[in-house]
């Protein structure tokens, strides 16, 4: 799905997510990731989010609390940087419907949807056709 520049934002309730969260997220993912800087930010920081979260789990299980704290801070910083990148996009992501929607969408994006975006070649196609704002 190529980047499409749209002016409006369609509100979609959780109940309207045909195909479940992963299908819904995938269908809109390409159009929310068109800006060159945002694409590069994601390529750099998503691995830090994944590594930070995995390290947090492992270190917590071993009661290494300082390391777990550092790991979660890395993941949070990576997520914040992605938010900065998303502000550059012409089409904003759908608002979160609540705390559980936030957690589900963030983890689905980081661990499944973004890696799929890269591995299918869509990240490279969007980068090649990316427009920069500013």
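What follows draws every value from the coordinates through simple rules; no lab data is involved. What you see is a predicted model, and the numbers here were worked out from it, not measured in a lab. Glycine gets a Cβ as well: all are built from the backbone with ideal geometry, and neighbour counts include every protein chain shown.
Here the sum of -39500 (n - 2.57) over DSSP H runs of 4 or more residues, divided by the residues of the chain, equals -19500 deg cm²/dmol at 222 nm, to the nearest 500.
Give me the percent relative contact order of the chain, please, defined on Cα pairs under 8 angstrom at least 6 residues apart. Let's see the in-between values first.
Numbers: 142 pairs, mean separation 53.5, N = 134.
Relative CO of the chain lands at 40 percent.
Kindly state, to the nearest 0.05, the FRET efficiency for residue 124 paired with residue 60, given R0 = 30 Å and r defined as their beta-carbon distance.
Details: r = 35 Å, r/R0 = 1.18.
Using R0 = 30 Å, I get an efficiency of 0.25.
Against the chain, whose longest principal axis comes from its Cα atoms, helix 65-86 is set at around 10 degrees.
Any chance you could run the full-extension gain for residue 80 through residue 18? It's 0.36 nm times the residue separation minus the Cα-Cα distance, nm to one decimal. Write down the numbers at each step before the final one.
Numbers: separation 62, 0.36 × 62 = 22.32 nm, distance 2.83 nm.
Length gained, residue 80 through residue 18: 19.5 nm.
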